Each structure stands twice: as C-alpha cells, then as structure tokens.
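Everything below concerns the one structure shown next.
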Amino acid sequence: MSKKLPVHVFQPVFGLFMAVFMSFLMSGAITAINIGVPPDYLGRWMRSWGLAFMLAYPAILIVAPLARRLALRFVESPFVPAQVPAKVTNLPA
C-alpha cells in the first residue's frame, strides 16, 4: 500500500510547494531591499510572506498550465519518449 497521494493531485501539490518556496524567498529579498534589515525585520518578512503566499498559490495554479504550454513550443516534452526513427531496409535500387 502506497503512502503517496494519487497522481491527479500532483499539480496542486507541486503548485503549493512552488508557492511556499518562491513567496518565501521573494518576500524576504524584497522586504530587505525595501527596508533593509531593522530589528523587526523577521516580523515584517513573515507578514509579507503571508500575503505573498496567498497571492502566489492561486497565481501558480492559473499560470502554470500556460507556462507549460509555452515552454513546450520551444522544448521537446520531457514527458513523451522521443520518437526513434524506423530502420529503413531493403530499399529498391
């Protein structure tokens, strides 16, 4: 018996992790750029992170399919095996 979630919840779970990590890093960097690192920096960062996460998660769920389609216009799909050309034998002379 597998303890993993079913494959149909991959996208929302992936989006959740992306939103957590990206909003955490970006809110920390932008807070430091805007106000420096005062004594109350950690509290300000956590408030910023909460707001950033609430905006990031729905945005990722909406934007990720569009970004995937755009990327697949330029890059071969990592999800589909590459087509192997068939061997050509016994060609008429």
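The table that follows gives values for the structure above.
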| quantity | calculated |
| --- | --- |
| Any pair with Cβ under 6 angstrom, 6 or more apart, that starts in segment 14-34 at a residue that is at negative phi and ends at one that is of a type in the set (D, E, K, R) | T31/R44 |
| Of all residues in segment 12-38 being surrounded by 11 or more Cβ atoms within 10 Å (Cβ to Cβ) and among the polar types (S, T, N, Q), the one that is nearest to P58 (Cα to Cα) | S23 |
| Looking only at segment 31-48, and only at residues there that are part of a helix (DSSP H, G or I) and aliphatic (A, V, I, L, M), the one that is nearest to F21 (Cα to Cα) | M46 |
| So A56, is it closer than 29 Å to L16 by Cβ, assigned to a helix (DSSP H, G or I) and modelled with pLDDT under 95 | no |
| Any hit, segment 56-77, residues being touching a Gly at 6+ places or on another chain (Cβ under 7 Å), surrounded by 14 or more Cβ atoms within 10 Å (Cβ to Cβ) and among the β-branched types (V, I, T) | yes |
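The values are calculated or read from the model by the stated rules, or taken from the named source; none is laboratory data. Just so it is clear, the model here is predicted, and its values are computed rather than measured. Note that each Cβ is placed from the backbone with ideal geometry, even for glycine, and that neighbours are counted across all protein chains shown.
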